[in-house]
Amino acid sequence: MIKFEDIHKKYKNADYEVLDGLNLEISDGEFIHLKGKSGKSTVLHFIYLMDRPTSGKVFYGEKELNKLKFNFQRARIRRKIGYVDQDLWLLDDRTVYENIKISTDLLKVKSKERKERVDEILAYFDLENIKKQKIGQLSYQEKILVELSRELVKKPELLILDEVFEKLKKNNKEKLLKHLYKINEEGTTVIAVTSEENLFDERIRVIDLDGGKTDVESD
């Protein structure tokens, strides 16, 4: 479970709080559509340990994220999470295959299964023909698919997508959505930030941050 208790966030030189007393709980296995005027990416950054609140507590399971002082503690949490946003964190001097495979290197699974996972996700997103190309040779659309594949291949317990759908073509959007429903049914928690309406079906819980105010209600 992910829990936010009385979260406030004010950035330096800002004259207002992005989050103003946010209280929110997300249960394991939920599929969340996170929307609102502000604070969406900030919430995701707290979960992925990219930022800290000005005040308040953030919990991932039993761990209070604000209190994790050491890199190895943060790394343990991050290894459980898949995170994709509009900033591509790919290695330009490596091939498509190498970029995806690197996510499996720390997994406690046999090398045969790691290879099978990579081959499977390459096939699903039709990346087999470019798997030997370096990232610098790819189009932006192809890079997004590689980034998604790299995070999906490790089968995270939580997958975070920050405005990814906006950058995908229709066929790739449909493929991603189908895969998200599948892994969510298998137990993966999904949190997606998108401005696109009517993208998800009734299985999704919608959370509107309403400008970062307190005690969030969901649809």
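The values are calculated or read from the model by the stated rules, or taken from the named source; none is laboratory data. Note that the structure is predicted; figures quoted are calculated from it, not measured. Methodologically, a virtual Cβ is constructed for each residue, glycine included, from the backbone with ideal geometry; neighbour enumeration extends over all protein chains shown.
Look through the range 178-200, keep the residues that are in contact (Cβ under 8 Å) with a residue 12 or more places away in the chain and out of contact with any helix residue (DSSP H, G or I) (no Cβ under 8 Å at 6 or more places or on another chain), and return whichever of them is nearest to Leu122 (Cα to Cα). Walk me through it before giving the result.
As a first pass, look at the range 178-200 and keep what is in contact (Cβ under 8 Å) with a residue 12 or more places away in the chain: 179-181, 183-184, 187-196, 199-200.
In the following step, the residues that additionally are out of contact with any helix residue (DSSP H, G or I) (no Cβ under 8 Å at 6 or more places or on another chain) were identified as 180-181, 184, 187-189.
Working: Leu180: 16, Tyr181: 19, Asn184: 20, Gly187: 22, Thr188: 20, Thr189: 22 Å.
The qualifying residue nearest to Leu122 (Cα to Cα) is Leu180.
Between a first residue in the range 55-75 that is without any contact (Cβ under 8 Å) to a residue 60 or more places away in the chain and a second residue that is of a type in the set (Phe, Trp, Tyr) and outside any strand (DSSP E or B), which pairs have beta carbons less than 8 Å apart while being 6 or more apart in sequence or on different chains?
Val58/Phe46; Leu65/Phe46
Scan the range 122-136 for residues that are farther than 11 Å from Val146 by Cα, of a type outside the set (D, E, K, R) and part of a loop (DSSP other than H, G, I, E, B) and report the count.
Residues in the range 122-136 being farther than 11 Å from Val146 by Cα, of a type outside the set (D, E, K, R) and part of a loop (DSSP other than H, G, I, E, B): 1 in total.
Before we move on, is Leu65 aliphatic (A, V, I, L, M), in contact with a Ser or Thr (Cβ under 9 Å, 6 or more places away or on another chain), closer than 23 Å to Arg78 by Cα and surrounded by 14 or more Cβ atoms within 10 Å (Cβ to Cβ)?
Details: aliphatic (A, V, I, L, M): yes; in contact with a Ser or Thr (Cβ under 9 Å, 6 or more places away or on another chain): no; closer than 23 Å to Arg78 by Cα: yes; surrounded by 14 or more Cβ atoms within 10 Å (Cβ to Cβ): yes.
When the stated conditions are applied, Leu65 does not pass them.
Confirm whether Glu147 is closer than 18 Å to Arg117 by Cβ and either in contact with a helix residue (DSSP H, G or I) (Cβ under 9 Å, 6 or more places away or on another chain) or at pLDDT below 95 (or both).
Values: closer than 18 Å to Arg117 by Cβ: yes; either in contact with a helix residue (DSSP H, G or I) (Cβ under 9 Å, 6 or more places away or on another chain) or at pLDDT below 95 (or both): yes.
Considered against the rule, which asks whether it is closer than 18 Å to Arg117 by Cβ and either in contact with a helix residue (DSSP H, G or I) (Cβ under 9 Å, 6 or more places away or on another chain) or at pLDDT below 95 (or both), Glu147 comes out as yes.
Output the residues belonging to the range 143-162 that are part of a helix (DSSP H, G or I) and in contact (Cβ under 8 Å) with a residue 40 or more places away in the chain. Let's see the steps before the verdict.
Keep residues of the range 143-162 that are part of a helix (DSSP H, G or I), which gives 143-152.
Across the range 143-162, the qualifying residues are Lys143, Ile144, Val146, Glu147, Leu148, Ser149, Arg150, Glu151, Leu152.
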